[in-house]
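Chemist: Pasting a structure below so you can have a look.
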There are 2 protein chains.
Amino acid sequence: MLPKRVEVTEVGTRDGLQSECRIVPTADKIALINAFIRAGIRRLEVSSFVSPRAVPQLADAAEVMAGIERVNGLTLACLVPNRRGAERAAAAQVDEMVAFVSASESHNQTNVNRTIRESLEGFRDVVDIAAAHGIVVHGAIATSFGCPFEGDVPTEQVVGIVGRMREMGITGVTLGDTTGMATPPIVTTLCNAIRAAHPDVAITLHFHNTRGIGLVNVMAGLQAGIDRYESSVAGLGGCPFAPDATGNICTEDLVYLLHEMGIETGIDLDALLEIARGVEPLVGHALAGQVMKAGPRLRRYSMDAVRRAVG
Amino acid sequence: MLPKRVEVTEVGTRDGLQSECRIVPTADKIALINAFIRAGIRRLEVSSFVSPRAVPQLADAAEVMAGIERVNGLTLACLVPNRRGAERAAAAQVDEMVAFVSASESHNQTNVNRTIRESLEGFRDVVDIAAAHGIVVHGAIATSFGCPFEGDVPTEQVVGIVGRMREMGITGVTLGDTTGMATPPIVTTLCNAIRAAHPDVAITLHFHNTRGIGLVNVMAGLQAGIDRYESSVAGLGGCPFAPDATGNICTEDLVYLLHEMGIETGIDLDALLEIARGVEPLVGHALAGQVMKAGPRLRRYSMDAVRRAVG
């Protein structure tokens, strides 16, 4: 039984822009986010309160947050790596702090120079600061479906990390497919295992299209009953390991698929396509989104203007 | 219940090269096809015996056919539009003639300047010539999942065309998603309707990734029990309607997905990836295939050589 409604979280201004060489001006980020909100998106991963030296692309997180026109029912989430980040995020009045860790030791080490255990201990600071400000903490587990250094990640490893988060009161967890290693059988197995062990944790799936099957994994997630997905406008964001490969699944392609399957999102696809078409000029290169190029399914062509085509 | 084994038909040298501006040399086509065969592909849509004026990219169909190193169990298919094409295909000793028609009148008119009825009447010539040479005729129905001029194509229209083909003795039919309008619900509905009406017809699915959901449609096909798919190496071939959009689903991405789902193809994915990486230089531009860029799923990276990455 597929979900009737899905929540789509737009992560383009965080996961997308983080891996772009060009630093997009703050005003353009704000305009983009306000356009997303007008198009009906109600959960956004806006930015990251990490060190500006480490990620200069997102150094303006606080300014971006301040420029957003908030509406009812909106959730603005930001990544926070530690106490300092949590304090900055609280000052910026985020609705959710996203505390993150990798499912594999080597990836966590490469990413934040800590063990998984140390990262999870650091979550307590974030949880305390968030609680003091009445802010929700959301957990994110990178390399949930495989690690570029270690290969397969055992299911029980991810389930165990979700359990540690649950003990700290975190009831919403994103499973990140950091380098596009998820496959339908792994998605099914992992989602079922987490739900069996932690039935009160809401799972969000974050797939990358690095190997072309990002939306197939969404289908596997939907069929497992998962109704929360993260994606990036126009497919913004790459893969830090394979330079030519694509990164995040594309928001408007995801919304197109969901709508065609009769699943509601509350998002205006036409408005989203218009936004998406403006993103390539912002970053200065072609992006992987497909529906923004081909147009909606029932776009009609005139017979005059057409070359021969079979197939 | 998913199929245990799937037959993948490589259509890159036909549907792919047909829409390329650059004309690939005959020797390169032959080398490509022989490499496919060595990699385990056993059904190929090699070329098209259409007018060389209409499709100069495929004017060398007979020469290409003559250069292929045939092995046991191999099926070499070529498109034939009419009696003349069938005679040329028979002389070239094809294993299958593919007779094609569109499911929508306007597309058939644009494509071959005939009504659907006239096209189907022309099939009889092809069937007669093929029979005289002991060659199988395969049917192909373009715009089966939607027409760029007319929009939705009624299910009964496609079922009816399959029925007309069946009356002529054609028991294998490809449903072509010419401009990427297929969606999972349409795939399910159409496959079920055709099987209910014509249970002895074997369905092959030919999807384009024009709107990013080509492999999702494959998943829907697999779940409907369909075990024959057509695809193009490296994602070769575009969309004649939307210049920037992608065309055929990519063979190695398809094979990657199938293998990850535990479905056999008889194809060596590593060999296929090596072939795929050689295709961009042949056509002189970037292609949409993903796995050829990212590498296989368990490709390991060294921790040293890596930028920071979260997500």
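Chemist: Sum up the charges of everything whose Cβ sits under 13 Å from the Cβ of residue A:59, counting Lys and Arg as +1 and Asp and Glu as -1, but leave residue A:59 out.
Modeler: It works out to a net charge of +2.
Chemist: Right, another one. Going by how many other Cβ atoms sit within 10 Å of their own, how do A:29, B:293, B:4 line up, fewest first? Present the calculation step by step, with values, prior to reporting the outcome.
Modeler: Numbers: A:29 26, B:293 23, B:4 9.
Taking fewest neighbouring Cβ atoms as first place, the list is B:4, B:293, A:29.
Chemist: With the label 7 angstrom out along Cα to Cβ, how close does residue B:71 come to the same site in each of the other copies, in nm, nearest first?
Modeler: Computed spacing set for this position: 5.8 nm.
Chemist: Still on this model: Where is the GNM fluctuation largest for chain B (alpha-carbon springs, 10 angstrom cutoff): B:87, B:150, B:45?
Modeler: The residue with the greatest mean-square fluctuation here is B:150.
Chemist: Quick one: B:53, B:195, A:14, fewest Cβ neighbours within 10 Å first, how do they rank?
Modeler: B:53, B:195, A:14
Chemist: Follow-up question, since we're still on this one. Based on other C-beta atoms within 10 Å, arrange B:301, B:256 from fewest to most.
Modeler: Ordered by Cβ neighbours within 10 Å, fewest first: B:301, B:256.
Chemist: Once you sort the root eigenvalues of the Cα gyration tensor of chain B as a ≥ b ≥ c, which label holds: rounded (a/c under 1.5), prolate (a/b larger than b/c) or oblate (the other case)?
Modeler: The shape class here is prolate.
Chemist: Could you work out, residue by residue across B:205-212, how many beta carbons of other chains sit within 10 Å of that residue's beta carbon, and then give the average as an integer?
Modeler: Numbers: counts 0, 1, 0, 2, 4, 6, 15, 19.
Mean number of neighbouring Cβ atoms from other chains: 6.
Chemist: Oh, and also: Given the options B:216, B:233, B:255, state which has the largest fluctuation in a GNM of chain B using a 10 Å cut-off (strictly under) for Cα springs.
Modeler: Ranking B:216, B:233, B:255 by mean-square fluctuation puts B:216 first.
Chemist: When the chain is fully extended, how far beyond the present Cα-Cα distance does residue A:167 get from residue A:26, taking 0.36 nm per residue of separation? Write down the numbers at each step before the final one.
Modeler: Details: separation 141, 0.36 × 141 = 50.76 nm, distance 3.71 nm.
In short, 47.0 nm is gained.
Chemist: So, R0 is 30 Å and r is the distance between the beta-carbons of residue A:193 and residue A:38; what FRET efficiency does that work out to, to 0.05?
Modeler: Given R0 = 30 Å and the Cβ-Cβ separation, E is 0.20.
Chemist: What FRET efficiency comes out for the pair residue B:124/residue B:53, r = Cβ-Cβ distance, R0 = 25 Å, nearest 0.05?
Modeler: Values: r = 25 Å, r/R0 = 1.00.
The computed FRET efficiency comes out at 0.50.
Chemist: How far, in nm to one decimal, is residue A:134 from itself in the other copies if the label point is set 7 angstrom along Cα toward Cβ? Shortest first, please.
Modeler: In nanometres, ordered from closest: 8.4.
Chemist: Just tell me how shielded B:287-296 is by partners: mean number of partner chain Cβ atoms within 10 Å of each residue's Cβ, no decimals.
Modeler: For peptide B:287-296, the averaged partner shielding equals 6.
Chemist: Among all the lysines, which ones have a C-alpha under 26 Å from residue A:29's C-alpha, if same-chain residues fewer than 8 places away are not counted?
Modeler: Leaving aside lysines fewer than 8 places away in the same chain, those within reach of residue A:29 are A:293.
Chemist: Once the other residues with Cβ under 9 Å from the Cβ of residue A:136 are scored (Lys, Arg +1; Asp, Glu -1), what is the net sum? List each step's numbers first, then the result.
Modeler: On the way: positive: none; negative: A:95, A:96.
With Lys, Arg at +1 and Asp, Glu at -1, the neighbours total -2.
Chemist: Moving to a separate point now. Based solely on C-alpha atoms, express the radius of gyration and the Dmax of the range B:222-270 in angstrom.
Modeler: Rg and Dmax of the range B:222-270, Cα atoms, are 12.5, 35 Å.
Chemist: Shape of the range B:183-281 from its Cα gyration tensor (a ≥ b ≥ c, root eigenvalues): rounded if a/c is under 1.5, otherwise prolate when a/b > b/c, or oblate?
Modeler: oblate
Chemist: Further question: Does the protein assembly as shown come out rounded, prolate or oblate by the C-alpha gyration tensor, with a ≥ b ≥ c the root eigenvalues, rounded set by a/c under 1.5 and, if not, prolate when a/b is larger than b/c and oblate if not?
Modeler: Prolate.
Chemist: Can you list the distances in nanometres, one decimal and ascending, from the residue A:93 label point to the identical position in each other copy, with the point 7 Å along Cα to Cβ?
Modeler: 7.9
Chemist: Sticking with this structure for a sec: So what is the relative contact order of chain B, in percent, for Cα pairs below 8 Å that sit 6 or more residues apart?
Modeler: 20
Here, each number is a calculation from the coordinates, and none is a lab measurement. Owing to the predicted nature of the structure, the values given are computational and were not obtained by experimental measurement. All Cβ positions, even for glycine, are placed from backbone atoms using ideal geometry, and neighbour counts span all protein chains on display.
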